[in-house]
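Novice: Below you'll find the structure I mean.
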Amino acid sequence: MMATKIASAFVKQNPQDERSLKEVWTNIQPDSCPTHYNFHLHTVFSDGQLQPQEVIEQVVAIGLQGLAITDHHTVDGFRIAQQYLAEMDSSAKIPQLWTGVEITSLLLTVDVHILGYAFDPSCPALLPYLSGSAPKGKAAQADRVIDAIHQAGGLAVLAHPERYRRSANKLVPAAVKLGIDGVETYYAYRHVDPWLPSCKQTQQVKQLSDRYGLFNTCGTDTHGKDLLLRR
């Protein structure tokens, strides 16, 4: 009976629930990640070391309220994680799982990463970006990536804005002109244990998000075996 109740509760979840995601992001704080939410992590389906099932097991053990698997150019890991959650035979609290992806894009002539959330993965406009390979040519332009995410009903976020060959002061305004919805404000730019957002960069990005009215997100950008660390 318990397993049936849990499965039913999960079925009611909507991985494309943009409204609930916006509500979460509106209240994101520096300590929201990694023990309450995590909106940036990877599995073996791109460049991570965890199976999707292992991600969910850690998420439940940590007690996360919500997450998004953001593999590069694929949602295969998300689909397996979603099925694993649906089949869980446990009394553990089931976290909210939103669709997610990380797409390599070109902004102001430099490579950046744009995160997509709460989108419909079957949307034709987005399918070319979910093929497992980075887009090339005109398809890699940030305006096209952001537009494809929006056409799929999702939200677009500029990942770790202070990691690129151009500063966030240049990139964020350019992304705003293209319709970006948010920035990854709380991010550990160094490999620290425990995971903590980098103070200087966080302050700089938060000032930009406030100036342009953007959502703030957080994520560990985990590629290794521990969701509480970046690697």
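The values are calculated or read from the model by the stated rules, or taken from the named source; none is laboratory data. Computed from a prediction, not measured in an experiment: that's the story for all the values here. In this analysis, Cβ positions are derived from the backbone assuming ideal geometry, glycine residues included, and neighbour counts consider all displayed protein chains. Note: accessible area is taken over every heavy atom of the protein model, side chains too, but ligands, DNA and RNA are not part of it. Shrake-Rupley method; radii C 1.70, N 1.55, O 1.52, S 1.80 Å.
Novice: What share of the DSSP beta bridges in the chain is antiparallel, in percent to the nearest 5?
Specialist: Working: 12 of 26 bridges.
If we restrict to bridges inside the chain, about 45 percent are antiparallel.
Novice: Roll a 1.4 Å probe over the protein chains and send me the accessible area per residue for the chain in Å². Show your work: numbers first, answer last.
Specialist: Values: 10500 Å² over 231 residues.
For the chain, the per-residue accessible area is 45 Å².
Novice: Given the pairs K22/K170; K138/K170; K136/K200; K22/K93; K93/K136, which are separated by over 30 angstrom at their Cα positions? The partial results should precede the final answer.
Specialist: Working: K22/K170 25 Å; K138/K170 21 Å; K136/K200 33 Å; K22/K93 21 Å; K93/K136 41 Å.
Violating the 30 Å limit, Cα to Cα: K136/K200; K93/K136.
Novice: Another question, if that's okay. Rounded, prolate or oblate: which one fits the stretch 10-96, using the alpha carbon gyration tensor with axes a ≥ b ≥ c (rounded when a/c is under 1.5, else prolate when a/b beats b/c, else oblate)? Numbers along the way, then the final one.
Specialist: On the way: a/c = 1.37, a/b = 1.17, b/c = 1.17.
Rounded, since a/c falls under 1.5.
Novice: At q = 0.13 Å⁻¹, what log₁₀ I(q)/I(0) does a Debye calculation on the Cα points of the stretch 71-195 give, no solvent, two decimals?
Specialist: Reported log10 I(q)/I(0), two decimals: -0.56.
Novice: Starting with the highest mean, order 165-174, 131-140, 49-58, 113-122 by the number of other Cβ atoms within 10 Å, averaged over the residues of each peptide.
Specialist: Working: 165-174: 16.0, 131-140: 12.7, 49-58: 19.7, 113-122: 22.1.
Ranking the peptides 165-174, 131-140, 49-58, 113-122 by packing returns 113-122, 49-58, 165-174, 131-140.
Novice: State the dimensionless ratio Rg/Rh of the stretch 122-178 (Rg: radius of gyration of Cα atoms; Rh: Kirkwood radius). If you can, show how the numbers build up before the last one.
Specialist: Values: Rg = 12.1 Å, Rh = 12.3 Å.
Taking Rh as the inverse mean 1/r over Cα pairs, Rg/Rh reads 0.99.
Novice: Which three extents, in whole angstrom, do the alpha-carbon atoms of the chain cover along their principal axes, largest first?
Specialist: Its Cα atoms span 55, 39, 30 Å along the three principal axes.
Novice: So what J values fall out for the stretch 106-113 if you push phi through Karplus, 6.51 cos²θ - 1.76 cosθ + 1.60 with θ = phi - 60°, rounded to Hz, Gly and Pro as x?
Specialist: Once rounded to whole Hz, the list reads 10, 9, 6, 6, 10, 6, 10, 10.
Novice: Next up: Need one value: the accessible area of W195 in square angstrom, 1.4 angstrom probe, rounded to the nearest 10.
Specialist: Estimated to the nearest 10 Å², W195 gives 10 Å².
Novice: Hey, another quick one. Given all pairs of different Cα atoms, what value in angstroms does the Kirkwood hydrodynamic radius of the stretch 15-63 take? Before the final figure, lay out the partial values.
Specialist: Values: mean 1/r = 0.0815 Å⁻¹.
Roughly 12.3 Å, rounded to one decimal.
Novice: Right, here's the next one. Distance between the C-alpha centers of the stretch 13-36 and the stretch 155-216? Whole Å please.
Specialist: 16 Å
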